[in-house]
């Protein structure tokens, strides 16, 4: 009797455990969506714009859709001064104005919103009217010697600026630059920014995404890993084109966070611009030893593996 009762209890216990296991299994959703195929970009042609026409340590380029021109930042040493300037170029490879905006420190990253060109300029964020070329406002860094570097604006109009020296991201709020997120480890030497939807993607020593609501930082694992990012631009398909400072190179990271190397050369790569319709990359380039500076225009082709 005792043995029978014990057997019955064991049977009921096993049945109960089995039912619990089945109920948990049913709670796990089974995805019916196909796994995304890997997208690979290849370079089909390369051209050099305005080489040896006065560009100086050209750093960043951006396209102004309203006026159909490009702006490029130039300068000498990264410090306050008056030798920095912004150039204006046409889509037909013409240097329209070498020194469109002058007497700047050492301008780097740029972003455009509502006819205003926002420019990181060492210790201030500049607001420039693109129709007049005049500086309308200057926003001082909230932390001294912060190293303002890149600028990105999300669809909501929120302006974010990387501060490389203090491993932080600032945000423009009520005409004041404020510390938005600071992390000496995850945001170490933060440089390139892409603000889109509910996230800010930041590249420095590592590659991270930051939620705009909670400011939670997720470190993105790249395969294979790369680091020391400079420029970043979205590819329109969930991925990014990236340039690096150390061992200067051009890379593509797809939506699955897989990395493909597009170019590795002795000449440096700056902060880039991408035209998804024409599938063209515009990249500031140069050689500090020969003092030859130019804009590299790469035509690309995308395919699924």
Here are some conditions: (1) modelled with pLDDT under 95; (2) within 20 Å of residue 164 (Cβ to Cβ). Residue 93 meets all but one. Which one does it not meet? (2)
Show me the strands (runs of 3 or more DSSP E) entirely contained within the range 247-294 in which 1 or more residues are more than 15 Å from the chain's Cα centre (by Cα) and free of Cβ contacts under 8 Å to residues at least 60 places away in the same chain. 259-264, 280-287
For the structure I just gave you, tell me whether residue 241 is surrounded by 19 or more Cβ atoms within 10 Å (Cβ to Cβ), at pLDDT 95 or above and under 23 Å from residue 68 (Cβ atoms). yes
May I ask you to say which residue of 214, 299 is more than 15 Å from the chain's Cα centre (by Cα) and closer than 23 Å to residue 156 by Cβ? 214
Of all residues making up the range 131-164, the number that are in contact with a helix residue (DSSP H, G or I) (Cβ under 7 Å, 6 or more places away or on another chain), crowded, with 21+ Cβ neighbours inside 10 Å and more than 21 Å from residue 63 (Cβ to Cβ): 2
Scanning the range 41-75 for residues that are in a loop (DSSP other than H, G, I, E, B), free of Cβ contacts under 8 Å to residues at least 60 places away in the same chain and within 23 Å of the chain's Cα centre (by Cα) gives 65, 68, 75
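The values are calculated or read from the model by the stated rules, or taken from the named source; none is laboratory data. Bear in mind that the values here come from a model prediction, so they are computed numbers and not experimental data. Quick reminder, even Gly has a Cβ in these numbers, built from the backbone with ideal geometry, and neighbours come from all protein chains shown.
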